[in-house]
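Engineer: Structure in structure tokens, see below.
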Amino acid sequence: MDAFVTFCLRMGDNALILGQRTAEWCGHAPVLEEDIAFANMGLDLIGQTQLWYGLAAEAEGKGRTPDDLAFLRPERQFLNSLLVEQPNTDFGHALMRQYLFDAWHLPMQEELAKSSHEGVRGLAQKTVKEVRYHLDRSRDLIVRLGDGSEESHKRMQDALDWLWPFTADLLATDEVDAQMADEGIAPVPALIAKAFDAETQATLARATLTIPETRLRRTGGRDGIHTEHMGYILAEMQSLQRTYPGARW
Amino acid sequence: MDAFVTFCLRMGDNALILGQRTAEWCGHAPVLEEDIAFANMGLDLIGQTQLWYGLAAEAEGKGRTPDDLAFLRPERQFLNSLLVEQPNTDFGHALMRQYLFDAWHLPMQEELAKSSHEGVRGLAQKTVKEVRYHLDRSRDLIVRLGDGSEESHKRMQDALDWLWPFTADLLATDEVDAQMADEGIAPVPALIAKAFDAETQATLARATLTIPETRLRRTGGRDGIHTEHMGYILAEMQSLQRTYPGARW
Amino acid sequence: SEQDVAFQKRIDDGIRIEPKDWMPEGYRKTLIRQIGQHAHSEIVGQLPEGNWITRAPTLQRKAILLAKVQDEAGHGLYLYCAAETLGISRDEMTEQLLAGKAKYSSIFNYPTLTWADIGAIGWLVDGAAIMNQVPLQRCSYGPYSRAMIRICKEESFHQRQGFDIMRALVEGTEDQKAMAQDALNRWWWPSLMMFGPSDKDSVHSEQSMRWGIKQNTNDELRQKFVDQTVPQAEWLGLTVPDSELSWNEEKGGYDFGEPDWNEFMEVIKGNGPCNRERLEARQKAWDDGAWFREGLMAHAEKQSAPIAAE
Amino acid sequence: SEQDVAFQKRIDDGIRIEPKDWMPEGYRKTLIRQIGQHAHSEIVGQLPEGNWITRAPTLQRKAILLAKVQDEAGHGLYLYCAAETLGISRDEMTEQLLAGKAKYSSIFNYPTLTWADIGAIGWLVDGAAIMNQVPLQRCSYGPYSRAMIRICKEESFHQRQGFDIMRALVEGTEDQKAMAQDALNRWWWPSLMMFGPSDKDSVHSEQSMRWGIKQNTNDELRQKFVDQTVPQAEWLGLTVPDSELSWNEEKGGYDFGEPDWNEFMEVIKGNGPCNRERLEARQKAWDDGAWFREGLMAHAEKQSAPIAAE
């Protein structure tokens, strides 16, 4: 597949699958303000999905629509990072997943706002503000809950221990990233990794949380090799489109 | 729809959906013996599904196969009782669901083994033994856990409280049942209700469990009006057939 | 009493009552009950619709539904704030809800079984809600009135979006059209019940109207809803599931059948199809979220602790 | 010692060792470790396949898969019983597994991502397992040997069923064929690793062979597996993902590439794709099931309590 299309799909798939996970909280969050915040983040993420898929579909030039990309691809063609598909084990996992994603997403969007590609640049300039807001919000909660009660600290640490190995998949790189960087479309991956490390080290320290020392690096999502959760996400998400092929909604 | 087809679908859908719920325990049960037992019950139930759908498909005469009936009908056409679609909240719910189903299923199968319809009679004669075994097993566990530790008692009572209102859907009757009884294909519903009451009253008393006093009667499944769990069961179960229409497996 | 007379005069003169004003205890209680019910309805109302967000059939529909559910949670927030001005906390109201002491709109005790239900809820349920809420913008209690003004603006969006889902379905395949009709069949009567029992059986109506908390009777609003909705159903090519429905030239409105009030009473009493599931979901959210709320409080306490105490 | 010599002679004479016979501590320990690992593998092995039971594409495939997973649990049971004859309880072994002290076949630390993975597991993983297990039917320890005889009979069914899933896929649509190839690509190398490290790096092999616990070296069995499987892949029209694969006329077998032993070591150490998930699932089953096990014990105690104590 064309490197640019792959790049756009990876970005869009991240937004969509995280959006799905986020939306699962509607009506089930610990306080009303979080119901609202999660719905709002989900909404932003679905909006970003539409934009990235729009760019992918246009570049691909096969007449597929953003909805086709969302609802008619099988699992092995989804290229999101493994992090975003991890389940809502508890609200702590959901917050930590969001925070780790945001810590990667913001520097990425900030750099993409200077992209050589007009569509990408426009997209990033349009969405960077909401991504910044997401990071501000999730950073704040990570600090308050990490440095909160004994139980909230424990839960946040458990979430970090579980999710940290998946950040490897956010930061993984391959020839697609190299080509995107060469063409000035996307930033040099090392730059984002550095920003991610700086953000997480500072914030997690403030949160009195410890980054786990582990050799475990969970990667593969960007090549379509997912965790066993992914099949269930897609079966649910795609069920209507699959059940009524060709219908318009 | 033809009454006989409706009757066969209701029976087959009960078996299939309970089989799905049962199979979810594979590898997750409290002891290895229960892993084996649940796989075994699931296997029996899927076998029964195939037989009932075979009768339904033949009577319908539209060239649909048992697999078509399982994998290509939408939710509103599934006619199982609401009881069998209830989730695996804990193993106590799973056991209680199975017991309440068995307590209805065995007298039903015993009577169907005398059906005027050759296919139904043959099916019931073939499967009544496994259904009897299921009831023996689940009755035994209900008694042992109901009259077990304080916690096991509480969990079994909670499960009974939650699931009892759904037994109304097992025992509900309509003109289809009347017609089946008139034709001697299926027993008079009151007969089964009596056997169900006798079985559950005796067993639950031995188990030191109390049948809840409630006006709540949860019905509708037999007319395709399900609980909100059903859509997720089907999205998962049907995902492959829906994703690859027409493929052979 | 003299106070009561002066209070009633303010109301009759159309002067808004504000939190710091004196008010009769019955007025306060009635408002707390009504605003609380309304707030709880927004909160519980997230559940049947939230059930379809992950399965919405297009990205656009998913985004619209997310936005709608977000709005509902937001309305809940405005309303809890309005109720708090009457001297009850959000936590107290939540406890009343979870204990089954406070009610919420019984419509949310019906399950959402197909995508068309999301359309039907927007079209019919939000339609009925607006019918109920528009007059409440003129409610005598200031904070409630102002909350309703904000809410009504958004609800009419929701109704249009629901209608648009139905439109897409009836313009679609046979399966989709059947799905739309099935949803109308299941949601029509519960929607009519949203206006409450018939005037002759309505307990709180009269006093509420005198206090300017209520502006129209249940039956008036129900009639208005039917008159508005039936032509929309016709436009969609759907059949309203009421054999007694007919145009009454004389009264300039529709005659229609009586909802099943037994069903209504059972649902109110907790015996509807989803009462247990809705309360269980809210209870679980509350229980599972305890560590989150406590963690934030613990952090706040640390922050405000004097340095010397460290 | 004299006992050791006599013991070794029995083994060399092909006489089975039975539970009550004297045996060297090392023999006992080695067997406990090996049978325990094998039992745990059957138990953990339920998880990747169980993942597809609810999604099996036909009723027949669902039934076959259920039966297979049931067989695996049953094998676990035979094997735990065989290990118990050596003086360790099932609960102890379970605790060792959950504490990460006992191992299980590292193949089950890979995820099942598509239906074709169920075919590939049956074909390749059960195929490799049989290759390992057939010689164990002649193991010197009687209970283990007898368990293996029962197990091998069922495993060969499983392998044929797995192959049949692959056959249906390659005879199907282009998507299905691609699914089959993708599964082969992902499962080939982990399957080769199932025979353990190369003989030169294998720690326990020599003594185990002398004790009649092991009959063939890892490399012998791996070669046999490749020689059997490559023609099957060809028959299916699938490409084995090994560029070094070629027929060696002289040795009458295939030459093939080296598996990534670093990956193998990482998976063994707990850093495979699903190690955490598998152990977590077993831990959860164990923890969530505590009340069940305790409830049954409480009931049994009541039943056996003397009347006088009531």
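Engineer: Pairs, please: C-beta under 7 Å, at least 6 apart or cross-chain, first residue part of a loop (DSSP other than H, G, I, E, B) and in segment C:213-235, second among the small types (Gly, Ala, Ser) and buried (at least 16 other Cβ atoms within 10 Å of the Cβ)?
Structural biologist: C:Ile213/C:Ser140; C:Lys214/C:Ser205; C:Lys214/C:Ser208; C:Thr217/C:Ser205
Engineer: Restrict the check to segment B:49-66 and report whether at least one residue is more than 13 Å from chain D (Cβ to nearest Cβ), touching a Leu at 6+ places or on another chain (Cβ under 6 Å) and among the β-branched types (Val, Ile, Thr).
Structural biologist: no
Engineer: Can you tell me how many residues in segment D:172-202 are assigned to a helix (DSSP H, G or I) and of a type outside the set (A, V, I, L, M)?
Structural biologist: The first filter runs over segment D:172-202 and keeps only residues assigned to a helix (DSSP H, G or I), leaving D:174-193, D:199-201.
Filter again for of a type outside the set (A, V, I, L, M), leaving D:174-177, D:181-182, D:185-191, D:199-201.
Within segment D:172-202, residues that are assigned to a helix (DSSP H, G or I) and of a type outside the set (A, V, I, L, M) number 16.
Engineer: Can you find a residue in segment D:252-262 that is open to solvent by 30 Å² or more (accessible area, probe 1.4 Å), farther than 18 Å from D:Gln223 by Cα, more than 14 Å from chain B (Cβ to nearest Cβ) and in contact with a Gly (Cβ under 7 Å, 6 or more places away or on another chain)? Break it down into steps so the answer makes sense when it comes.
Structural biologist: Filtering segment D:252-262 for residues open to solvent by 30 Å² or more (accessible area, probe 1.4 Å) gives D:252, D:255-256, D:258, D:260-262.
If we keep only those that are farther than 18 Å from D:Gln223 by Cα as well, we get D:262.
With more than 14 Å from chain B (Cβ to nearest Cβ) added as a condition, the list becomes D:262.
Right, trim to in contact with a Gly (Cβ under 7 Å, 6 or more places away or on another chain) and you get none.
No: zero hits.
Engineer: Within segment C:73-93, count every residue that is at the interface with chain A (Cβ under 9 Å from one of its Cβ atoms) and either outside any helix (DSSP H, G or I) or of a type outside the set (Gly, Ala, Ser) (or both). Show your work before the answer.
Structural biologist: Taking segment C:73-93 first, the residues at the interface with chain A (Cβ under 9 Å from one of its Cβ atoms) are C:73-74, C:76-77, C:80, C:90.
This time we only want the ones that are either outside any helix (DSSP H, G or I) or of a type outside the set (Gly, Ala, Ser) (or both), so: C:77, C:80, C:90.
Total meeting the criteria: 3.
Engineer: If a residue must be away from every other protein chain (no Cβ under 14 Å) and either aromatic (Phe, Trp, Tyr) or exposed (fewer than 15 other Cβ atoms within 10 Å of the Cβ) (or both), how many such residues does segment D:164-198 contain?
Structural biologist: The qualifying residues number 3.
Engineer: Would you be able to say whether some residue in segment D:33-44 is facing chain B (nearest Cβ under 9 Å) and open to solvent by less than 20 Å² (accessible area, probe 1.4 Å)? Write out each step before concluding.
Structural biologist: Of segment D:33-44, the ones facing chain B (nearest Cβ under 9 Å) are D:43-44.
Okay, now just the ones that are also open to solvent by less than 20 Å² (accessible area, probe 1.4 Å), so D:43-44.
Looking through segment D:33-44, at least one residue is facing chain B (nearest Cβ under 9 Å) and open to solvent by less than 20 Å² (accessible area, probe 1.4 Å).
Engineer: List pairs: first residue in segment D:292-305 and at the interface with another protein chain (Cβ under 7 Å from one of its Cβ atoms), second residue open to solvent by 50 Å² or more (accessible area, probe 1.4 Å) and of a type outside the set (D, E, K, R) anywhere in the structure, Cβ distance under 8 angstrom, at least six positions apart or on different chains.
Structural biologist: Listed by first residue and then by second, the contacts come to D:Gly295/B:His153.
Engineer: From the list B:Gly148, B:Gly92, pick out the single residue that is within 17 Å of B:Leu209 (Cβ to Cβ), at pLDDT 95 or above, part of a loop (DSSP other than H, G, I, E, B) and within 14 Å of chain D (Cβ to nearest Cβ). Let's see the steps before the verdict.
Structural biologist: Working: B:Gly92 fails: part of a loop (DSSP other than H, G, I, E, B).
Selected residue: B:Gly148, the only one of B:Gly148, B:Gly92 that is within 17 Å of B:Leu209 (Cβ to Cβ), at pLDDT 95 or above, part of a loop (DSSP other than H, G, I, E, B) and within 14 Å of chain D (Cβ to nearest Cβ).
Engineer: Let me ask something additional. Could you check how many residues of segment B:182-224 are more than 14 Å from chain C (Cβ to nearest Cβ), charged (D, E, K, R) and in contact (Cβ under 8 Å) with a residue 12 or more places away in the chain? Spell out the reasoning first.
Structural biologist: Of the residues in segment B:182-224, the ones more than 14 Å from chain C (Cβ to nearest Cβ) are B:182-211, B:222.
Within this subset, residues satisfying the condition of being charged (D, E, K, R) are B:182-183, B:194, B:197, B:199, B:206, B:222.
Checking which are in contact (Cβ under 8 Å) with a residue 12 or more places away in the chain leaves us with B:183, B:199, B:206, B:222.
Residues meeting the conditions: 4.
Engineer: Could you grab the pairs with beta carbons closer than 6 Å, sequence gap of 6+ or different chains, first residue in segment C:240-257 and touching a residue at least 40 places away in the same chain (Cβ under 8 Å) and on the phi > 0 side of the Ramachandran plot, second one part of a loop (DSSP other than H, G, I, E, B) and surrounded by 10 or more Cβ atoms within 10 Å (Cβ to Cβ)?
Structural biologist: none
Engineer: Of B:Ala190, B:Ala205, which residue is within 23 Å of B:Cys8 (Cβ to Cβ), out of contact with any Gly (no Cβ under 7 Å at 6 or more places or on another chain), surrounded by fewer than 14 Cβ atoms within 10 Å (Cβ to Cβ) and among the aliphatic types (A, V, I, L, M)? So that I can check it myself, show each step before the final result.
Structural biologist: On the way: B:Ala205 fails: within 23 Å of B:Cys8 (Cβ to Cβ).
Among B:Ala190, B:Ala205, only B:Ala190 is within 23 Å of B:Cys8 (Cβ to Cβ), out of contact with any Gly (no Cβ under 7 Å at 6 or more places or on another chain), surrounded by fewer than 14 Cβ atoms within 10 Å (Cβ to Cβ) and among the aliphatic types (A, V, I, L, M).
Engineer: Here's something else I'd like to know. For the condition in contact with a Gly (Cβ under 6 Å, 6 or more places away or on another chain) and assigned to a helix (DSSP H, G or I), what is the one hit in D:Ala298, D:Ala285, D:Ala281? Steps first, answer last, please.
Structural biologist: Numbers: D:Ala285 fails: in contact with a Gly (Cβ under 6 Å, 6 or more places away or on another chain); D:Ala281 fails: in contact with a Gly (Cβ under 6 Å, 6 or more places away or on another chain).
Only one candidate passes the filter, namely D:Ala298.
Engineer: Would you point out the residue of segment D:94-110, among those that are within 11 Å of another protein chain (Cβ to nearest Cβ) and among the hydroxyl-bearing types (Ser, Thr, Tyr), that is nearest to the chain's Cα centre (by Cα)?
Structural biologist: D:Tyr110
Engineer: Which residues, counting only those in segment C:217-251, are surrounded by 15 or more Cβ atoms within 10 Å (Cβ to Cβ), closer than 20 Å to C:Gln133 by Cα and of a type in the set (D, E, K, R)?
Structural biologist: The answer is C:Asp219, C:Arg222, C:Lys224, C:Asp227.
Engineer: As an exercise: evaluate C:Leu113 against (1) over 12 Å from the mean Cα position of the chain (by Cα); (2) part of a helix (DSSP H, G or I); (3) closer than 27 Å to A:Gln241 by Cβ and give the number of the one condition it does not meet.
Structural biologist: (2)
Engineer: Only residues that are open to solvent by 10 Å² or more (accessible area, probe 1.4 Å) and farther than 20 Å from D:Ala281 by Cβ: list them for segment A:208-224, please.
Structural biologist: Listed by number, the residues that qualify are A:Thr208, A:Leu209, A:Thr210, A:Ile211, A:Pro212, A:Glu213, A:Arg215, A:Arg217, A:Thr219, A:Arg222, A:Asp223.
Engineer: Scan segment A:91-113 residue by residue and report those that are open to solvent by 10 Å² or more (accessible area, probe 1.4 Å) and under 16 Å from A:Trp164 (Cβ atoms).
Structural biologist: Passing the criteria: A:His93, A:Trp104.
Engineer: If we scan segment B:23-34, do we find a residue that is in a helix (DSSP H, G or I) and within 14 Å of the chain's Cα centre (by Cα)?
Structural biologist: We begin by selecting, within segment B:23-34, every residue in a helix (DSSP H, G or I); these are B:23, B:32-34.
Filter again for within 14 Å of the chain's Cα centre (by Cα), leaving B:23.
Yes: segment B:23-34 contains one or more residues that are in a helix (DSSP H, G or I) and within 14 Å of the chain's Cα centre (by Cα).
Engineer: Residues in segment A:159-168: is at least one at pLDDT 95 or above and more than 15 Å from A:Leu83 (Cβ to Cβ)? Steps first, please.
Structural biologist: First, pick out the residues of segment A:159-168 that are at pLDDT 95 or above: A:159-168.
Within this subset, residues satisfying the condition of being more than 15 Å from A:Leu83 (Cβ to Cβ) are none.
The answer is no; no qualifying residue exists.
Engineer: Separate question: One residue is enough: does segment D:156-163 have a residue meeting the conditions within 13 Å of another protein chain (Cβ to nearest Cβ), over 26 Å from B:Pro30 (Cα atoms) and in contact (Cβ under 8 Å) with a residue 24 or more places away in the chain? Don't jump to the end; show me each part of the working.
Structural biologist: First, pick out the residues of segment D:156-163 that are within 13 Å of another protein chain (Cβ to nearest Cβ): D:161.
Adding the requirement that they be over 26 Å from B:Pro30 (Cα atoms) leaves D:161.
Now narrow it down to the ones that are in contact (Cβ under 8 Å) with a residue 24 or more places away in the chain: D:161.
Yes; the residues of segment D:156-163 include at least one that is within 13 Å of another protein chain (Cβ to nearest Cβ), over 26 Å from B:Pro30 (Cα atoms) and in contact (Cβ under 8 Å) with a residue 24 or more places away in the chain.
Engineer: Also, quick follow-up: Need pairs with beta-carbon distance below 7 Å; first residue under 12 Å from C:Gln176 (Cα atoms) and part of a loop (DSSP other than H, G, I, E, B) and within segment A:237-249, second open to solvent by 20 Å² or more (accessible area, probe 1.4 Å) and among the charged types (D, E, K, R); sequence gap 6+ or separate chains.
Structural biologist: A:Tyr244/C:Asp175; A:Trp249/C:Arg61
Engineer: Okay, next question. Just one of B:Asp68, B:Asp90 is over 24 Å from C:Ala281 (Cα atoms) and of a type outside the set (S, T, N, Q); which is it?
Structural biologist: Details: B:Asp90 fails: over 24 Å from C:Ala281 (Cα atoms).
When all the criteria are applied, what remains is B:Asp68.
Engineer: Are there any pairs, at least 6 apart or on different chains, whose C-beta atoms fall under 7 Å, with the first in segment A:111-128 and in a loop (DSSP other than H, G, I, E, B) and the second surrounded by fewer than 16 Cβ atoms within 10 Å (Cβ to Cβ) and acidic (Asp, Glu), and if so, which?
Structural biologist: Pairs found: A:Ser116/A:Glu183.
Engineer: Right, something else. Within segment D:236-278, take every residue that is among the aromatic types (Phe, Trp, Tyr) and farther than 28 Å from B:Cys26 by Cβ and give me the one that is modelled with the lowest pLDDT.
Structural biologist: First pass over segment D:236-278, keeping only residues among the aromatic types (Phe, Trp, Tyr): D:247, D:254, D:256, D:261, D:264.
Imposing the further condition that a residue be farther than 28 Å from B:Cys26 by Cβ reduces the set to D:247, D:254, D:256, D:261.
On the way: D:Trp247: 98, D:Tyr254: 98, D:Phe256: 98, D:Trp261: 95.
Filtering first and then ranking leaves D:Trp261.
Engineer: Assess whether A:Gln157 counts as being touching a residue at least 12 places away in the same chain (Cβ under 8 Å), within 14 Å of chain C (Cβ to nearest Cβ) and open to solvent by 10 Å² or more (accessible area, probe 1.4 Å).
Structural biologist: Numbers: touching a residue at least 12 places away in the same chain (Cβ under 8 Å): yes; within 14 Å of chain C (Cβ to nearest Cβ): yes; open to solvent by 10 Å² or more (accessible area, probe 1.4 Å): yes.
Yes; evaluated as a whole, the condition is true for this residue.
Engineer: Can you go through B:Gln179, B:Gln238 and tell me which one is polar (S, T, N, Q), in contact with a helix residue (DSSP H, G or I) (Cβ under 9 Å, 6 or more places away or on another chain), within 14 Å of chain A (Cβ to nearest Cβ) and surrounded by 14 or more Cβ atoms within 10 Å (Cβ to Cβ)?
Structural biologist: Details: B:Gln179 fails: within 14 Å of chain A (Cβ to nearest Cβ).
Result: B:Gln238 is the single residue among B:Gln179, B:Gln238 that is polar (S, T, N, Q), in contact with a helix residue (DSSP H, G or I) (Cβ under 9 Å, 6 or more places away or on another chain), within 14 Å of chain A (Cβ to nearest Cβ) and surrounded by 14 or more Cβ atoms within 10 Å (Cβ to Cβ).
The values are calculated or read from the model by the stated rules, or taken from the named source; none is laboratory data. Since this is a predicted model, take the numbers as computed values, not measurements. All Cβ positions, even for glycine, are placed from backbone atoms using ideal geometry, and neighbour counts span all protein chains on display. Heads up: the accessible areas ignore ligands, DNA and RNA and are worked out on the full protein's heavy atoms, side chains in. Shrake-Rupley method; radii C 1.70, N 1.55, O 1.52, S 1.80 Å.
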